[in-house]
Amino acid sequence: MYRRKFLKLTGMSVSLSAIGTKVIAKTIINPPKQQNKPIVISTWDFGIAANQAAWNILSTGGRALDAVEQGVWVPEADPKNQSVGYGGLPDRDGFVTLDACIMDEFGNCGSVAALEHIKHPISVARKVMEKTPHVMLAGDGALQFALQNGFKKENLLTKESAKAWEEWYKTAKYQPVVNIENKLFDKVTPQKLPGNQYNHDTIGMLALDSKGNLSGACTTSGMAYKLHGRVGDSPIIGAGLYVDNEIGGATSTGVGEEVIRNVGSFLVVELMRQGYSPEDACKEAVMRIIKKKPDIAKNIQVGFLALNKMGQYGAYAIQKGFSYAVCNAQKNDLLISGKSYY
Ligand code: ASP
């Protein structure tokens, strides 16, 4: 406690070896006097359009929970976005299966995994949170619940995604591609593999509303050409998303298996609780992944994005090219290239 106080008072980056301990050095930030609110941040380039929808709610005094739900509706409904919702690339057997979760300022959460035929899995997740005693519904049960609650059954496999899958099927090689969504990275995107053009990526969104409350949402079609029934990190509370209204929120994108193994988003929030800045907390979570499996980490992408209670934000990824979008009254559609290990 004493040490933490001391670091907070100094308000700068301190190597703790200087005071005789082995704790990892971190940047202790001086909290701003006022919350930077409202604000919304989200993963990847497609976060810009999603943030705009969220901002319509936040800027008129709306609740962060409504903002994140409406925000992620944008990529969920976009057939051109082949890694989220409608138009998402299918699994190995040609089925589009969606993962999503949502969490509010009271610690309530809801989630759906491997859900088929429903365009807005995030809203089914919210219904699970609000209308059931459970947190997570999966597969057929999730679909049945959605249909009982008025959601429409739709074909989510677009012609483009069916074509990509047929192309992929010729070699049927499961090979996640790094940073495929990212415009900032376009010039250096190395892989052009059959059927793999939009291989994975998730929208994770975090918002702080004008009342100072936090919520988050996370939704994806997961890794393209995954095994049927595979569930990633995105619908798992603590892995793909975590929100603690006292501290902040975090979300992730990239190869979900590594995020689950490290309970990534929960870890980021807990590090912020210990005084880490959002970026340093994301960095530490990335370093855990790299440290445990350096050979795997070399060839995959995982990125974390975090927002603290004061409205400060940051991100960190294994590989270059992880972008995120920020929207508040000053920075309406800012796209930031997050820092990375490689
Ligand atoms: N995290 C997602 C999954 O593993 C994919 C991604 O965000 O790239 O399903």
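Beta carbons closer than 8 Å, at least 6 apart along the sequence or on distinct chains, pair a first residue in the stretch 243-256 that is over 15 Å from residue 316 (Cβ atoms) and among the charged types (D, E, K, R) with a second that is assigned to a loop (DSSP other than H, G, I, E, B) and more than 16 Å from the ligand (Cβ to nearest atom) for 244/107; 246/309.
For the stretch 250-263, a residue qualifies if it is open to solvent by less than 50 Å² (accessible area, probe 1.4 Å), assigned to a helix (DSSP H, G or I) and either more than 10 Å from the ligand (Cβ to nearest atom) or of a type in the set (D, E, K, R) (or both), and exactly one does: 258. Within the bounds of the stretch 48-60, is there any residue that is under 30 Å from residue 173 (Cβ atoms), surrounded by fewer than 21 Cβ atoms within 10 Å (Cβ to Cβ), in contact with a strand residue (DSSP E or B) (Cβ under 6 Å, 6 or more places away or on another chain) and modelled with pLDDT of 60 or more? Among the residues of the stretch 48-60, not one is under 30 Å from residue 173 (Cβ atoms), surrounded by fewer than 21 Cβ atoms within 10 Å (Cβ to Cβ), in contact with a strand residue (DSSP E or B) (Cβ under 6 Å, 6 or more places away or on another chain) and modelled with pLDDT of 60 or more, which makes the answer no. If the condition is being part of a loop (DSSP other than H, G, I, E, B) and over 19 Å from residue 50 (Cβ atoms), then the stretch 324-342 contributes 341, 342.
Checking each residue in the stretch 104-122 for being open to solvent by less than 10 Å² (accessible area, probe 1.4 Å) and among the polar types (S, T, N, Q) picks out only 111.
For the stretch 224-249, the set of residues classified as in contact with a helix residue (DSSP H, G or I) (Cβ under 9 Å, 6 or more places away or on another chain), open to solvent by 10 Å² or more (accessible area, probe 1.4 Å) and not charged (D, E, K, R) consists of 229, 231, 236, 237, 242, 247, listed by residue number.
Here's the yes/no breakdown for (1) surrounded by fewer than 23 Cβ atoms within 10 Å (Cβ to Cβ); (2) among the β-branched types (Val, Ile, Thr); (3) out of contact with any strand residue (DSSP E or B) (no Cβ under 7 Å at 6 or more places or on another chain):
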{"position": "76", "(1), (2), (3)": "no, no, no"}
{"position": "86", "(1), (2), (3)": "no, no, yes"}
{"position": "89", "(1), (2), (3)": "no, no, yes"}
{"position": "94", "(1), (2), (3)": "yes, no, yes"}
{"position": "98", "(1), (2), (3)": "no, no, no"}
{"position": "102", "(1), (2), (3)": "no, yes, no"}
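For residue 288, the conditions (1) touching a strand residue (DSSP E or B) at 6+ places or on another chain (Cβ under 8 Å); (2) under 22 Å from residue 232 (Cα atoms) all hold with the exception of (1). Kindly establish whether residue 270 is out of contact with any Pro (no Cβ under 9 Å at 6 or more places or on another chain), open to solvent by 20 Å² or more (accessible area, probe 1.4 Å), farther than 18 Å from residue 319 by Cα and not in a loop (DSSP other than H, G, I, E, B). So residue 270 passes the test. Does residue 264 satisfy the criteria of being touching a Cys at 6+ places or on another chain (Cβ under 7 Å) and not β-branched (Val, Ile, Thr)? No. Residues in the stretch 278-323 that are at pLDDT below 95, assigned to a strand (DSSP E or B) and away from the ligand (no atom under 16 Å from the Cβ): none.
Just so you know, in the stretch 273-293 the residues that are over 16 Å from the mean Cα position of the chain (by Cα) and more than 16 Å from residue 318 (Cβ to Cβ) include one that is surrounded by the most Cβ atoms within 10 Å (Cβ to Cβ), and it is 276.
Every condition in (1) surrounded by fewer than 17 Cβ atoms within 10 Å (Cβ to Cβ); (2) of a type in the set (Gly, Ala, Ser); (3) touching a Leu at 6+ places or on another chain (Cβ under 9 Å) holds for residue 150 except the one numbered (3).
With respect to residue 204, determine if the residue is within 10 Å of the ligand (Cβ to nearest atom) and either touching a helix residue (DSSP H, G or I) at 6+ places or on another chain (Cβ under 9 Å) or not in a strand (DSSP E or B) (or both). Yes: the conditions hold for residue 204.
Consider the stretch 207-249 and keep the residues that are farther than 16 Å from residue 176 by Cα and of a type in the set (D, E, K, R). The one that is farthest from the ligand (Cβ to nearest atom) is 211. Screening residue 42 on (1) open to solvent by 40 Å² or more (accessible area, probe 1.4 Å); (2) at pLDDT 50 or above shows it passes everything except condition (1).
Looking across the stretch 264-277, the residues that are away from the ligand (no atom under 12 Å from the Cβ) and of a type outside the set (Lys, Arg) come down to 266, 267, 268, 269, 270, 271, 272, 274, 275, 276, 277.
The values are calculated or read from the model by the stated rules, or taken from the named source; none is laboratory data. These numbers come from a predicted model, not from an experiment. Cβ coordinates were reconstructed from backbone atoms using ideal geometry, including for glycine residues, and neighbour counts include every protein chain displayed. Accessible surface areas use protein heavy atoms only, side chains included; no ligands, DNA or RNA. Shrake-Rupley method; radii C 1.70, N 1.55, O 1.52, S 1.80 Å.
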